[in-house]
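Participant: Sending over a structure as structure tokens; questions will come in a sec.
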């Protein structure tokens, strides 16, 4: 016969048969749907990976493995998970609730994922992962949980690679800082003469007098170190014993310190190549120097954080808050962790939303695509009308990934000069490696003017970009300083269509996932060093396009239905 009071027995039975905050099977089902949603598709190594239809997780892993500015991505999920694990005791004491607003956030994330899979673009789906998790936590666990997990969820954004279209706009000013800063230090403090313009630098190896040439490319801009340092420093700032406002100060200090460190790295590279050995400088030193730079900057930022903790009173503040929290936990021990208060979230509704988007995205990914033949733009005529090509075609390693490209000089019988650059991208390829707005300034040119003009296309005059560059500050490898002012015109063409705005053209190519364009797109650029005036050069370019437009259009138009037709 039991001697346990009836009240205690009832309490024990109530705990034993208490309904859990989550059904046991639901988290597993939602987790599987999440993995299917972001994991189905082509992975690296599969034949169709490079063509699109990439799984989101496969795309992220590929970029983490191949993109130097994204290699830190492998660490982000373990670090975020460690932060959640560190908060486990506090989370056990927060009641689980449900906020319907979280479903709206989940819907936005699922729509972003669906847009990427439907239009076959890279970017929205990886970004939707932290948004989806934030919405799911809000809906399943409530506002207090979302507030507590805000940092580890937001921290996941650091695993997102920089979109291809934003790499140059971000790296270009960083390259200017690295080039200008290192050149100024070497010239003013070490009295070395640095020639070259833009991102190009030339200087002598002092032992032999031979010329050393260095070009500050995107990797040397510091963008790789900056992204990794910002990602890892964010966690050091978060766990520092500082109030929130000081944490933000510490976090943003990483930007100027990293940029300054990269300037010092390029300066040391110049000095090693000048005084010691160019082969060692451009080889071993260039390849190995980012790693100690990374460690030094990170240790410096941690030291600054410790200093700020002392001068701002952060240590005393953190200790007092920690002791207060421990006292509250001791005074109010929890009996039933993970308890739920208020309405229960409809897990079937969340799972149904995920399953529906999964089915639609799979249909969009696996449906048949039109495979356009590749146009060979080298077939464009070398002579036509008053224009003649005096020599062979040129090559450019930066355009190696183009499906087809052509760089060729043409001269008119009156001496006007046009260099034709044509870069062809077949259906499904969206990035163009060359942007005159950035490539010319990178070579030392100064932009004087940018407006619109017209170039002939498909029997009409279509809008194009017109730019004027001052080349007087460009320094050549021969020591000669100054090049003629240069007129540049360009636009994008496809079949009988044209587009002058880069972003609009990229969006049009994305929508062609729904409405396949059998002709692909082609970047057409005309460059004319000044012979007389900008107006004369522009007029010559317009006349050139009137002469060659039909020939160019014939070569790049791979759809028989539009071949030979003019007009919109």
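The values are calculated or read from the model by the stated rules, or taken from the named source; none is laboratory data. If you're wondering where the values come from, they're calculated on a predicted model, not measured in any experiment. In this analysis, Cβ positions are derived from the backbone assuming ideal geometry, glycine residues included, and neighbour counts consider all displayed protein chains.
Participant: Could you tell me how many of the residues in segment 161-182 are within 8 Å of the chain's Cα centre (by Cα) and modelled with pLDDT of 80 or more?
Facilitator: Number of matching residues: 1.
Participant: Is there a residue in segment 125-136 that is touching a strand residue (DSSP E or B) at 6+ places or on another chain (Cβ under 7 Å) and either surrounded by fewer than 20 Cβ atoms within 10 Å (Cβ to Cβ) or more than 22 Å from residue 57 (Cβ to Cβ) (or both)?
Facilitator: Scanning segment 125-136 turns up no residue that is touching a strand residue (DSSP E or B) at 6+ places or on another chain (Cβ under 7 Å) and either surrounded by fewer than 20 Cβ atoms within 10 Å (Cβ to Cβ) or more than 22 Å from residue 57 (Cβ to Cβ) (or both).
A quick yes/no check of all residues on (1) out of contact with any helix residue (DSSP H, G or I) (no Cβ under 9 Å at 6 or more places or on another chain); (2) under 24 Å from residue 443 (Cβ atoms); (3) modelled with pLDDT of 95 or more; (4) in a helix (DSSP H, G or I):
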residue: 493; (1), (2), (3), (4): no, no, no, no
residue: 504; (1), (2), (3), (4): yes, no, no, yes
residue: 510; (1), (2), (3), (4): no, no, no, yes
residue: 514; (1), (2), (3), (4): no, no, no, no
residue: 518; (1), (2), (3), (4): yes, no, no, no
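A quick yes/no check of all residues on (1) at pLDDT 90 or above; (2) loosely packed, with under 14 Cβ neighbours inside 10 Å:
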position: 13; (1), (2): no, yes
position: 19; (1), (2): no, yes
position: 33; (1), (2): yes, no
position: 39; (1), (2): no, yes
position: 70; (1), (2): no, no
position: 73; (1), (2): no, no
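Participant: I would also like to ask the following. Looking at segment 310-335, which of its residues are in a loop (DSSP other than H, G, I, E, B), surrounded by 12 or more Cβ atoms within 10 Å (Cβ to Cβ) and on the phi < 0 side of the Ramachandran plot?
Facilitator: The one that is in a loop (DSSP other than H, G, I, E, B), surrounded by 12 or more Cβ atoms within 10 Å (Cβ to Cβ) and on the phi < 0 side of the Ramachandran plot: 312.
Participant: Another question, if that's okay. Out of (1) assigned to a helix (DSSP H, G or I); (2) touching a residue at least 24 places away in the same chain (Cβ under 8 Å); (3) more than 27 Å from the chain's Cα centre (by Cα); (4) over 19 Å from residue 235 (Cβ atoms), the odd one out for residue 338 is which?
Facilitator: The one condition residue 338 does not meet is (1).
Participant: Here is a follow-up. Looking at 268, 244, 259, which is the one that is free of Cβ contacts under 8 Å to residues at least 24 places away in the same chain and either within 22 Å of residue 201 (Cβ to Cβ) or surrounded by 19 or more Cβ atoms within 10 Å (Cβ to Cβ) (or both)?
Facilitator: Just one listed residue meets the conditions, 268.
Participant: Turning to a different aspect of this structure: For residue 94, which of the numbered conditions (1) without any contact (Cβ under 8 Å) to a residue 24 or more places away in the chain; (2) outside any helix (DSSP H, G or I); (3) in contact with a helix residue (DSSP H, G or I) (Cβ under 6 Å, 6 or more places away or on another chain) fails to hold?
Facilitator: Here residue 94 clears every test but (1).
Participant: Next up: Consider residue 421 against the criteria (1) in a helix (DSSP H, G or I); (2) over 30 Å from residue 133 (Cα atoms); (3) modelled with pLDDT of 85 or more: it satisfies all of them except one. Which criterion is unmet?
Facilitator: Residue 421 satisfies every listed condition except (1).
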